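Taking it in order: structure first as structure tokens, then the write-up.
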Amino acid sequence: MTRTFLLDGRTIPFAEGQTVMDAAIAAGVYIPHLCHHPDFKPQGSCRLCTVEIDGRTTSACTLPARDGLVVKSETDELNAARRTITRFLFVEGNHTCPSCEKSGNCTLQAVAYHLDVEEPKYPHFHPRRAVDASHPDVFLARDRCTYCDLCVRASRDVDGK
């Protein structure tokens, strides 16, 4: 018997132990996110994957998939909140997606394009924060940090540091 839930009216199958986010990704359905990574325990810190269930909101990356859930992701209210978060991330960091060297390979850019956030609404802060190149595998440019915490989780969970 296939277990399923509804996401914006679409039937999404899931396996035991999957979150709503993991099941949606497996089904080819995009839910905006920054902090989610399939190799790490979900933490819901970016809040971009916030979805609505029965009038309440929660993060799709931390919500276990359950039979019969009715999940809303692509609502005007949720996308407006996502646009605000994304715009604040642009302001806080030096993010210039249309001209960025990571073009096409960046989760922030994917979120921005999905939400039609292609130009700044607020003036950028242009922070000048220290670069951390102390880790052999991760170069951390803090002035572009989105606080997704993936670098911290990789260092802690993979490298044991």
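The values are calculated or read from the model by the stated rules, or taken from the named source; none is laboratory data. All values derive from a computational prediction rather than experimental measurement. Cβ: placed from backbone, ideal geometry, glycine included. Neighbour counts: every protein chain shown. SASA here: full protein model, heavy atoms, side chains in, ligands and nucleic acids out. Shrake-Rupley method; radii C 1.70, N 1.55, O 1.52, S 1.80 Å.
General remarks:
- Residue 91 aliphatic (A, V, I, L, M) and assigned to a helix (DSSP H, G or I): yes
- From 2, 58, residue being open to solvent by 80 Å² or more (accessible area, probe 1.4 Å), more than 30 Å from residue 127 (Cα to Cα) and of a type in the set (Val, Ile, Thr): 2
- Residue check, residue 34 surrounded by 12 or more Cβ atoms within 10 Å (Cβ to Cβ) and in contact with a Cys (Cβ under 9 Å, 6 or more places away or on another chain): yes
- Pairing each residue of region 134-149 that is without any contact (Cβ under 8 Å) to a residue 60 or more places away in the chain with any residue that is open to solvent by 50 Å² or more (accessible area, probe 1.4 Å) and assigned to a loop (DSSP other than H, G, I, E, B), provided the two are 6+ apart or on different chains, yields C-beta distances under 7 Å for 139/133; 142/129; 142/130; 143/128; 143/129.
- Taking region 34-77 as the range and being modelled with pLDDT of 90 or more, of a type in the set (Asp, Glu) and over 15 Å from residue 20 (Cβ atoms) as the test, the residues that pass are 76, 77.
- For region 78-124, the tally of residues that are open to solvent by less than 40 Å² (accessible area, probe 1.4 Å), at pLDDT 85 or above and farther than 22 Å from residue 57 by Cα stands at 2.
- Members of region 11-31 that are surrounded by 13 or more Cβ atoms within 10 Å (Cβ to Cβ), out of contact with any helix residue (DSSP H, G or I) (no Cβ under 8 Å at 6 or more places or on another chain) and within 17 Å of residue 74 (Cβ to Cβ): 20, 21, 23, 24, 25, 27, 29
- So residue 86, is it under 26 Å from residue 8 (Cα atoms), part of a helix (DSSP H, G or I) and of a type in the set (Ser, Thr, Tyr): yes
- Filter result (in a loop (DSSP other than H, G, I, E, B) and open to solvent by less than 100 Å² (accessible area, probe 1.4 Å)) within region 125-141: 127, 129, 130, 133, 134, 135, 138
- Of all residues in region 142-153, those satisfying the criterion of being in contact with a Lys or Arg (Cβ under 8 Å, 6 or more places away or on another chain) and open to solvent by less than 70 Å² (accessible area, probe 1.4 Å) are 143, 145, 153.
- Taking first residues from region 1-15 that are without any contact (Cβ under 8 Å) to a residue 40 or more places away in the chain and partners that are of a type in the set (Val, Ile, Thr) and in a strand (DSSP E or B), the Cβ contacts under 8 Å between residues at least 6 apart in sequence or on separate chains come to 11/4; 13/4.
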